[in-house]
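Here is the structure we will look at, set down as structure tokens.
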């Protein structure tokens, strides 16, 4: 039995949809662990397919949510505020992850598949810090023989370009110059494609993915933020340029526009990672999976056009 978290979220939902669409795992072998009310009508379709629905909460994970499961698909918590103000070890988002993993271990789960992020192994990006701490915790469990692990460093979402492009306000943006604190090639990847790649990994019972850490990112979509801005300009017909400033200038600029200082300081470290090329991924795993299924990675251009046309 496979326990799935965050199936009502973007990546978790795309993964479950791919499992069902491509008939990768029988629904009767899936347990949906959700913070939503298990009796919610939005979960009725899953129930009708034979899936079990169980309550799960990152703040207080109950081992009962994972009872009878041999594998757990753990999507990282969205509670990014835990990471702000340089959260010390054990107090960032990894606090949620470690609690869930510990509950799974108590329940007898033997294999955790964890969604990390497509940054480097020694990244200084605040957005990666909790992932690295979680990866280290999982590695300790593996080395002790207490848990089998698989770490998926998921590519940066196509649809997240507005965040990277200076909190670009889709549909309302009036700036012709966007302030950023660094730039570099990014292997942009659609959530739908990540769902397919992740689903295939979850369905693999050969054991060859155990103990592995690899990236799921498209090789088709390597674009800098300047190139993203050029695509935006071509779609909107309005001038859209980027201005690269220091991290300190970036923070003060966006705090001056009303954004929370702790959040902006946390996010600003992302740009140093882009400058170092951390998000240019060479791993061919995802493109190989898509090709075998007769699929082609969705381009970031297509996503940008879709988002700006609404």
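Descriptive notes on the structure:
- Segment 111-254 shape via C-alpha gyration tensor axes, a/c threshold 1.5: prolate
- Length released on extending from residue 248 to residue 57, taking residue separation times 0.36 nm less the Cα-Cα span: 65.1 nm
- Förster-model FRET efficiency, 41 Å R0, residue 29 and residue 262, C-beta, rounded to 0.05: 0.45
- Normalised by 2.2 N^0.38 Å, where N counts its residues, the alpha-carbon radius of gyration of segment 1-156 equals 1.02.
- Considering helices alone, the calculated mean residue ellipticity of the chain at 222 nm is -11500 deg cm²/dmol, with DSSP H runs of length four and up weighted by -39500 (n - 2.57) and normalised per residue.
- Computed extension length for residue 45-residue 230: 62.4 nm, one decimal, from 0.36 nm per residue of separation with the Cα-Cα distance subtracted.
- Most fluctuating residue given options 70, 15, 198, as computed from a GNM of the chain linking Cα atoms under 10 Å: 70
- Summarised in one figure, the compactness ratio Rg/Rh of segment 172-276, Cα atoms and Kirkwood Rh, is 1.09.
- Stokes-Einstein D in µm²/s, Kirkwood radius over Cα pairs - segment 241-310 at 10 °C with 1.306 mPa s viscosity: 103 µm²/s
- Evaluated at q = 0.28, 0.29 Å⁻¹: base-10 log I(q)/I(0), Debye formula over Cα of segment 64-114: -0.99, -1.03
- Listed residues 58, 253, 66, most fluctuating in the chain (Gaussian network, C-alpha, under 10 Å): 253
- Per residue, the convex hull spanned by the Cα atoms of the chain amounts to 136 cubic angstrom.
- Candidates 200, 109, 235, ranked by Gaussian network fluctuation over the chain, Cα under 10 Å, top entry: 235
- Comparing Cα centroids, segment 214-267 and segment 15-73 end up 35 angstrom apart.
- Take each peptide in 215-221, 171-177, count the other Cβ atoms within 10 Å of every residue, and average; sorted highest first, the result is 215-221, 171-177.
- Computing Rg and the Kirkwood Rh from the Cα coordinates of segment 1-83 gives a ratio, Rg/Rh, of 0.95.
- Globularity ratio of segment 117-194, using Cα Rg and 2.2 N^0.38 Å: 1.44
Bear in mind that the values in this text are calculations on the coordinates, not laboratory data. Every value quoted in this text rests on a predicted model; they were computed, and no experiment measured them. For neighbour counting, all protein chains shown are included, and Cβ atoms are generated from backbone atoms with ideal geometry for every residue, glycine included.
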